[in-house]
Amino acid sequence: MRAEPPTQGGTVTSGDNSPAIGFVGKLFLSVFVGDVVEFADKAKSWGGWNWPPFLLVVSLGSYALISAPDGPLRQFLWVYLAIVAAVGLALVRLISPSGEKRARHWRVLMSATAVICAVAGTIGMDHLSEHGEIDVTGRTGITAGTVTNGSRLRLVVDSPADRSRLRLTLTIRDAARSSQFCAPETRYSAQLRGNASTRVENVESGRTIEFPLGGLQGEIDVRITLLTDEGCLMNLFVEDAVLHD
């Protein structure tokens, strides 16, 4: 006859069903799937175990939003969608009533998906902080005033070169619109100061150009030469300036 394991007051003190292991295990699992503790415990309701994944999702989402860097909104779209989906799923799971066992599988999936989306959004935001686009249009200045054929201008980006490339778009307009129409035929050439290999020629208004920064130290300085018909008076404006990898 096989001996029974010793017990104290009917309480198991070792193995998977011990109070300590059971609590820690449920706490760990609840962070990821919440409702799984219902299966393990075979209890009718363990709604309190769905708070850990909800709080985790909210914490990760808040961190991602607070740490969001500057840059074009379009690059953050998928991150924001992941955070919204995570919070929405976690909230629905938190407030949804307990149901039959078959429905619990769907609630477990909702909790797990919410946590996965929140983690993906946080990792994505960290990646954008290191490698995302930085809009520096508002920090880019160009020589002011009216210019003519052969005029040389200086464009300076008042921002460190935190990325490997500068994407630049300039707009050319007639200074005297009532008496001339030179903008369509006006072009310019541009290069980074002291780096002839970056030179681009015959750039028209509104065309986007790029400069490899290649570990540039100090301010970003672009030298521009205007090419237009003799007698034409022109103005140049910075339409878009973005640092990116």
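The values are calculated or read from the model by the stated rules, or taken from the named source; none is laboratory data. It should be emphasised that the depicted structure is a prediction, and the values quoted were computed from it without experimental measurement. Neighbour counts are summed over all protein chains in view; Cβ atoms, including those assigned to glycine, are modelled from backbone coordinates with ideal geometry. Just the protein is used for accessible areas: all its heavy atoms, side chains included, with ligands, DNA and RNA removed. Shrake-Rupley method; radii C 1.70, N 1.55, O 1.52, S 1.80 Å.
Does the stretch 135-244 come out rounded, prolate or oblate by the C-alpha gyration tensor, with a ≥ b ≥ c the root eigenvalues, rounded set by a/c under 1.5 and, if not, prolate when a/b is larger than b/c and oblate if not?
Values: a/c = 2.26, a/b = 1.92, b/c = 1.18.
Prolate is the answer for the stretch 135-244, as a/c is 1.5 or above and a/b outweighs b/c.
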* Structure fact -> Mean Cβ-within-10 Å packing, highest first, puts peptides 182-188, 166-172 in the order 166-172, 182-188
* Mean Cβ neighbour count within 10 Å, used as a protection proxy, ranking 211-218, 158-165 highest first -> 158-165, 211-218
* **Solvent accessible area, Å² - HIS131, 1.4 Å probe, full protein context** => 100 Å²
* To do: Would you grab the residues whose amide H sits under 5 Å from the one on SER151? Only those 5+ places off in sequence or on another chain, please, with H modelled 1.01 Å from N.
  => LEU226
* May I ask you to derive the relative contact order of the stretch 135-244, considering only C-alpha pairs under 8 Å and at least 6 residues apart, and to give it as an integer percent? => 47 percent
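Taking the mean number of other Cβ atoms within 10 Å as a proxy for protection, how do you rank 112-119, 136-143 from highest to lowest?
Working: 112-119: 20.9, 136-143: 16.1.
Answer by packing, highest mean first, reads 112-119, 136-143.
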* Asked: Taking the alpha-carbon set of the stretch 131-191, what are its Rg and Dmax in Å?
  -> 14.4, 47
